[in-house]
Amino acid sequence: MASTQVFWQIGVLASYLMAFIVSRTEGALGARIVFGLLGGFAAIAFLWRTFSPKFKEFHEAGDRYRAAEGETASEEISFTKLFKGKESKKFISFFTCIMIFYICWNLLANTFGQFQTYILVKANASQSLATGCGIILNIAGLICGILFASAAGSKHRNKFFYVGIVIQAAAMIGIALGGGSVFMIVIMIACYNIGNQFAGESIYKVWTQESFPVSARASMQGFINGFSRFCCGLFALITPILVAPERIQTTMYGFAGIVIISAIAGSCMLKLQKKHGIGQME
């Protein structure tokens, strides 16, 4: 599951490349060009996924696997059965830790994903510089994502998590102490992008897959994804106010607090996994 995050990061990088190409375009034309290209790529992906013989083979293989699995596995487990069964305490603990961690992480990731260019421009960076920095920062994140994907199944995974959390918290404090300077914001966002890969969506996906029964994983992850994105959507309504130059320092201290909350939830999750013998690599 950690490797899927690498491909997602490549998609983000591609969008920044397109934005950089049109960064000198006047008015809303540049944004229209970018969204037109994204719409074209989406249509191509849809047609490829729908009509490709290779993908048809993948789907047929998946159907055979699920059919074979269904011979020994029980029917799909509902939330009610999972949270009221004999192991309800364990699953509720997993769910709570993962939910808190992912919401906290996603609030920051969504803020920098949506408003990174806005933050830099408000700090007096040009549009070209802001999008150019976005490309470099995403390349750094991509490299670190590949590094974590190779370690996701190893005994070093938890060490990566703690390193990532420390880097994220330090990055938020660094922006706060930097007084809103463009140079400091760029450097600290670069650090955040590195820590983000080690203690972020990749580890969340791994935890979800490891901690719940096969028949409940998709619905569990779908619910957590949907609810966290709903929270991010609400938070995005006030984000431009919070990251304005006159407020960004105070906001970053608050973000550091959010990182600490996610660190506590993540640490509890690691302890729960160890307690129940889940995800322990020699």
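Observations on the model:
- Residues that are of a type in the set (D, E, K, R) and either closer than 21 Å to V166 by Cβ or surrounded by 18 or more Cβ atoms within 10 Å (Cβ to Cβ) (or both), drawn from region 214-270: none
- Inside region 146-155, residues that are within 15 Å of Q273 (Cβ to Cβ) and exposed (fewer than 15 other Cβ atoms within 10 Å of the Cβ) make up a count of 3.
- Sole exception among (1) surrounded by fewer than 16 Cβ atoms within 10 Å (Cβ to Cβ); (2) outside any helix (DSSP H, G or I) for I143, by number: (2)
- Any hit, region 203-210, residues being surrounded by fewer than 18 Cβ atoms within 10 Å (Cβ to Cβ) and more than 30 Å from S126 (Cβ to Cβ): yes
- Counted residues, region 1-30 - those being assigned to a loop (DSSP other than H, G, I, E, B) and either more than 23 Å from Q127 (Cβ to Cβ) or touching a helix residue (DSSP H, G or I) at 6+ places or on another chain (Cβ under 8 Å) (or both): 5
- Checked against the criterion of being in contact with a helix residue (DSSP H, G or I) (Cβ under 6 Å, 6 or more places away or on another chain), under 26 Å from I146 (Cα atoms) and free of Cβ contacts under 8 Å to residues at least 40 places away in the same chain, region 222-238 has no qualifying residue.
- The one condition from (1) in contact (Cβ under 8 Å) with a residue 12 or more places away in the chain; (2) assigned to a helix (DSSP H, G or I) that T80 does not meet is (1).
- Answer from I189, I175 - the residue that is buried (at least 19 other Cβ atoms within 10 Å of the Cβ), modelled with pLDDT under 90 and farther than 28 Å from F94 by Cβ: I189
The values are calculated or read from the model by the stated rules, or taken from the named source; none is laboratory data. Keep in mind that what you see is a predicted model, and the values were worked out from it rather than measured. We place every Cβ from the backbone using ideal geometry, glycine too, and count neighbours over all the protein chains shown.
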